[in-house]
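Asker: Take this structure, written in C-alpha cells, and hold onto it; I'll ask about it next.
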Amino acid sequence: MLTLYHCAGARSMRSLWLLHEMGLSFELKELPFSMAGLRTPEYLSISPLGRVPCLVDGEVKVFESGAITQYLCETYPASGLGRGPGDPERVDWLKWLHYAETMAVHGASLVQQKVFIAREERSPAVQNFESRRLAKAIEVVDQHLAVTGQDYLLETGFSAVDTNVGYSIHLGQGFIALDRWPHAVAYYDRLRARPAFQLAARPAPMENQASS
Ligand SMILES: N[C@@H](CCC(=O)N[C@@H](CS)C(=O)NCC(=O)O)C(=O)O
C-alpha cells in the first residue's frame, strides 16, 4: 500500500496529483502545515527535515517531490507518464522534472516573505528579487510552449513532469499575474481542467486526515 504525506497547497500536491493521474490506490495522510504538525518524532523518522511530500511504499520511504515522481513512474510504469532511460524524451523529461523545483523555490521564498515571516522582518528587496526570478522562470515555460506549439511540456503529450511544473505555476500564480504569458495561461488552464488536478487541489476529506 502506498501512503502519501501531504499538506494542502504544498509541494506534496504534485505527488497527490500524479497518484490520481496514475490511477493508483493510496492512503492519504494530511498533516497540518505547522511545526507541531510536521516535526513529530513519528514524521521525522520518515522525512528527516519534517517536510512534505513523503511517500511510503512498503519498506521504501521517499522524500523530495521530484524523486517521488521518478520513483512512481519507474515502479508503476503502466500509466506511461514517465520516460525511462533510452526513451527519446528521457532527457527532456528529466530536465523539466528538475526545472520544476527551480521554479518552486522562488514561490516558496515568496510564501515565506509574504505569509510566514513576521511583517517587520520581511524584505521588499527579497520580494522584488524573487518575484523577478519567478517571472523569468515562468517565461521560459511560456516560450517553450510558444516555440514548440505543444499543449504540454513534452512533444508526445501530457506526462508526469507536467504535474511538477504545473504545481510550480499553480504556486507562482498566487504571487504573479500570468496574463503577460498567454501560452503559460493556456497551459495552466489545460492543467486545471484535468480531474486529477482538481482532486489534488481540493481539501482532503476528513477520513483521510492523519490523527497526529
Ligand atoms: N524540494 C522539496 C521541498 C519540500 C518542502 O520544502 N516542502 C515544504 C512545503 S511546500 C514544507 O514541507 N515546508 C515545511 C517546513 O519547511 O517546515 C520537495 O520538492 O519535496
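Asker: Kindly indicate the residue of the stretch 1-39 that is among the aromatic types (Phe, Trp, Tyr) and in a strand (DSSP E or B) and also nearest to the chain's Cα centre (by Cα) among those meeting that condition.
Answerer: Tyr5
Asker: Next question. Spot the failing condition for Lys61; the list is (1) in a helix (DSSP H, G or I); (2) of a type in the set (Lys, Arg); (3) in contact (Cβ under 8 Å) with a residue 12 or more places away in the chain, and only one is missed.
Answerer: Looking at each condition in turn, Lys61 falls short on (1).
One line per residue, one yes/no per condition, for (1) within 12 Å of the ligand (Cβ to nearest atom); (2) of a type outside the set (Phe, Trp, Tyr); (3) closer than 16 Å to Gly9 by Cβ; (4) not assigned by TED's automatic domain parsing to the domain that holds Gly172:
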residue: Leu94; (1), (2), (3), (4): no, yes, no, no
residue: Leu97; (1), (2), (3), (4): yes, yes, no, no
residue: Glu101; (1), (2), (3), (4): yes, yes, no, no
residue: Ala104; (1), (2), (3), (4): yes, yes, yes, no
residue: Ser109; (1), (2), (3), (4): yes, yes, yes, no
residue: Gln112; (1), (2), (3), (4): yes, yes, yes, no
residue: Ala118; (1), (2), (3), (4): no, yes, no, no
residue: Arg122; (1), (2), (3), (4): no, yes, no, no
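Asker: To continue, here is another question. Of all residues in the stretch 81-93, which are touching a residue at least 60 places away in the same chain (Cβ under 8 Å) and part of a loop (DSSP other than H, G, I, E, B)?
Answerer: Within the stretch 81-93, Leu81, Gly82, Arg83, Glu89 meet the criteria.
Asker: Further, regarding this structure: Go through (1) surrounded by 15 or more Cβ atoms within 10 Å (Cβ to Cβ); (2) more than 17 Å from the chain's Cα centre (by Cα); (3) within 22 Å of Leu191 (Cα to Cα) and name the single condition Asp57 misses.
Answerer: Evaluating Asp57 over (1) surrounded by 15 or more Cβ atoms within 10 Å (Cβ to Cβ); (2) more than 17 Å from the chain's Cα centre (by Cα); (3) within 22 Å of Leu191 (Cα to Cα) leaves (3) as the failure.
Asker: Looking at Ala137, Ala177, Ala125, Ala118, can you tell me which residue is small (Gly, Ala, Ser) and closer than 29 Å to Cys73 by Cα?
Answerer: Details: Ala177 fails: closer than 29 Å to Cys73 by Cα; Ala125 fails: closer than 29 Å to Cys73 by Cα; Ala118 fails: closer than 29 Å to Cys73 by Cα.
None of the other options fit; the residue is Ala137.
Asker: Follow-up. For residues that are within 12 Å of the ligand (Cβ to nearest atom) and in contact (Cβ under 8 Å) with a residue 24 or more places away in the chain, tally how many sit in the stretch 17-39.
Answerer: Looking only at the stretch 17-39, we keep the residues that are within 12 Å of the ligand (Cβ to nearest atom), and these are 31-39.
Applying the additional criterion that residues be in contact (Cβ under 8 Å) with a residue 24 or more places away in the chain yields 31-33, 37-38.
So the answer is 5.
Asker: Right, next: Can you name the condition, by its number, that Ala78 falls short on among (1) touching an Asp or Glu at 6+ places or on another chain (Cβ under 7 Å); (2) away from the ligand (no atom under 12 Å from the Cβ); (3) assigned to a helix (DSSP H, G or I)?
Answerer: (1)
Asker: Still on this model: Scan the stretch 40-58 residue by residue and report those that are away from the ligand (no atom under 12 Å from the Cβ) and part of a helix (DSSP H, G or I).
Answerer: Of everything in the stretch 40-58, those that are away from the ligand (no atom under 12 Å from the Cβ) and part of a helix (DSSP H, G or I) turn out to be Pro41, Glu42.
Asker: Something else: Can you list the helices (runs of 4 or more DSSP H) found entirely within the stretch 94-212 that contain at least 1 residues being without any contact (Cβ under 8 Å) to a residue 24 or more places away in the chain? Steps first, please.
Answerer: Details: elements: 124-148, 160-172, 182-192, 195-201.
Per the criteria, 124-148, 182-192, 195-201.
The values are calculated or read from the model by the stated rules, or taken from the named source; none is laboratory data. Note that this is a predicted model, so its numbers are computed, not measured. Reconstructed Cβ throughout: ideal geometry from the backbone, glycine too, with neighbour counts over all protein chains shown.
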